[in-house]
1. Going through segment 67-86 one residue at a time, which ones are open to solvent by 40 Å² or more (accessible area, probe 1.4 Å), on the phi < 0 side of the Ramachandran plot and not in a strand (DSSP E or B)?
2. Based on this model, can you work out whether V2 counts as closer than 20 Å to L99 by Cβ and not basic (K, R)?
3. Return the pairs, sorted by first residue and then second, in which the second residue is among the charged types (D, E, K, R), the first residue lies in segment 16-40 and is outside any strand (DSSP E or B), the beta carbons are less than 8 Å apart, and the residues are 6+ apart or on different chains.
4. Just checking, does segment 46-54 include any residue being out of contact with any Cys (no Cβ under 6 Å at 6 or more places or on another chain), surrounded by 15 or more Cβ atoms within 10 Å (Cβ to Cβ), touching a residue at least 40 places away in the same chain (Cβ under 8 Å) and over 15 Å from I29 (Cβ atoms)?
5. I'm checking my understanding of the structure. Among residues of segment 87-104 that are farther than 14 Å from V48 by Cα, in contact (Cβ under 8 Å) with a residue 40 or more places away in the chain and assigned to a strand (DSSP E or B), which one is most open to solvent (accessible area, probe 1.4 Å)?
Amino acid sequence: QVQLVESGGGLVQPGGSLRLSCAASGSSISSYLMSWHRQGPGKERELVAFITRSGTTNYLSSVKGRFFISRNNVVSAVYLQMNSLNPEDTAVYYCKAELGSSVYWGQGTQVTVSA
């Protein structure tokens, strides 16, 4: 079992930055595929970025060059650095851990981009 807790969300002005954190407990995440997803108002949940256990990353096209995912297996955490935020980035952001058929989600953290 892996428990995931996101933090770092909040209200930010357009053009601002936030760093989301996902703290994992219960099991080491070193072998897990880790990812961030988001669900905006009235929208379906979408994959924002993922990072493999070897550190390979990939991003949703609309966030490439603005968002950066990283992981620290020593402290069992995953991060999402978000820069140049715009109102379209407003959403609840979720952390996800996957290993084979084992899938775990966090409860989410709200990010609101507004002037």
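The values are calculated or read from the model by the stated rules, or taken from the named source; none is laboratory data. Everything numeric in this text was worked out from a predicted model, so none of it was measured. Positions of Cβ are backbone-derived with ideal geometry, glycine not excepted, and every protein chain shown enters the neighbour counts. Calculation scope for accessible area: heavy atoms of the full protein, side chains included, ligands and nucleic acids excluded. Shrake-Rupley method; radii C 1.70, N 1.55, O 1.52, S 1.80 Å.
1. N73, V74, V75, N83, N86
2. Spelling it out, V2 is indeed closer than 20 Å to L99 by Cβ and not basic (K, R).
3. Matching pairs, first to second residue: I29/R71; S30/R53; S31/R53; Y32/R53; Y32/E98; G40/E88.
4. Looking only at segment 46-54, we keep the residues that are out of contact with any Cys (no Cβ under 6 Å at 6 or more places or on another chain), and these are 46-54.
Going one step further and asking which of them are surrounded by 15 or more Cβ atoms within 10 Å (Cβ to Cβ), we end up with 48-51.
Add one more test, that the residue is touching a residue at least 40 places away in the same chain (Cβ under 8 Å), and what stays is 48.
Keeping just the survivors that are over 15 Å from I29 (Cβ atoms) gives 48.
Looking for residues that are out of contact with any Cys (no Cβ under 6 Å at 6 or more places or on another chain), surrounded by 15 or more Cβ atoms within 10 Å (Cβ to Cβ), touching a residue at least 40 places away in the same chain (Cβ under 8 Å) and over 15 Å from I29 (Cβ atoms), one finds at least one in segment 46-54, hence yes.
5. Of the residues in segment 87-104, the ones farther than 14 Å from V48 by Cα are 87, 98-104.
Add one more test, that the residue is in contact (Cβ under 8 Å) with a residue 40 or more places away in the chain, and what stays is 87, 98-99, 102, 104.
Next, from what is left, pick out any that are assigned to a strand (DSSP E or B): 98-99, 102, 104.
Working: E98: 54, L99: 76, S102: 43, Y104: 42 Å².
Only one residue tops the list, namely L99.
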